[in-house]
Amino acid sequence: MNASLTSVTSGPLVVYNKQEWDRKVVEVQLKGDARNYLDGQSLLKTHKENLRRERETLRQSQARLRALRAERQKAQATIDELRNALDEERRAQATGEGAEDGGRRAQFRKDLEAAKAKLKLMQKKRQMREASAQGPIDRAEAQKKEEQEVDTFLRELNSPQTAGAPAKQ
């Protein structure tokens, strides 16, 4: 069609597939189709780039999934080994093969006694701190205060102003 438009004859009509068309309508249609084609090419390029990125993301995700599955299998194998070892230990203890159990109980008792001794020591330290808070200086001052109160009371009792008054109790 473009060849028909650029032909030597530049009349008002264009012949295409043995049909005559108005030149202006064909030019408008051709320009619109060309614009659509170029937009389509740009869109196709964008879609291809997006598809390439999506494929790369998919490839990375699949690799990560394979690595996670392998790690999970290793963890499951470790768990199974530990379960088997635990079952064997329980069977051995149930049949009396676990002689080290008595050692564990003895260690437990020893740790328990050590904890009790530490508790008693901590209680003793607290009592000593409380006693030292009321140390000899504080006690001496308290004793002086009591003696002053007694002296003041006796003075007031023996003073000539209060000789006839009844004693305070």
Yes or no: Asp80 assigned to a helix (DSSP H, G or I) and closer than 30 Å to Tyr16 by Cβ?
no
Going by the structure shown, is Phe153 assigned to a helix (DSSP H, G or I), of a type in the set (Phe, Trp, Tyr), closer than 30 Å to Gln93 by Cα and modelled with pLDDT of 70 or more?
no
For the range 91-111, state whether one or more residues are in contact (Cβ under 8 Å) with a residue 12 or more places away in the chain, assigned to a helix (DSSP H, G or I) and surrounded by 10 or more Cβ atoms within 10 Å (Cβ to Cβ).
no
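The values are calculated or read from the model by the stated rules, or taken from the named source; none is laboratory data. Everything quoted here is computed from the prediction, not taken from an experiment. Glycine gets a Cβ as well: all are built from the backbone with ideal geometry, and neighbour counts include every protein chain shown.
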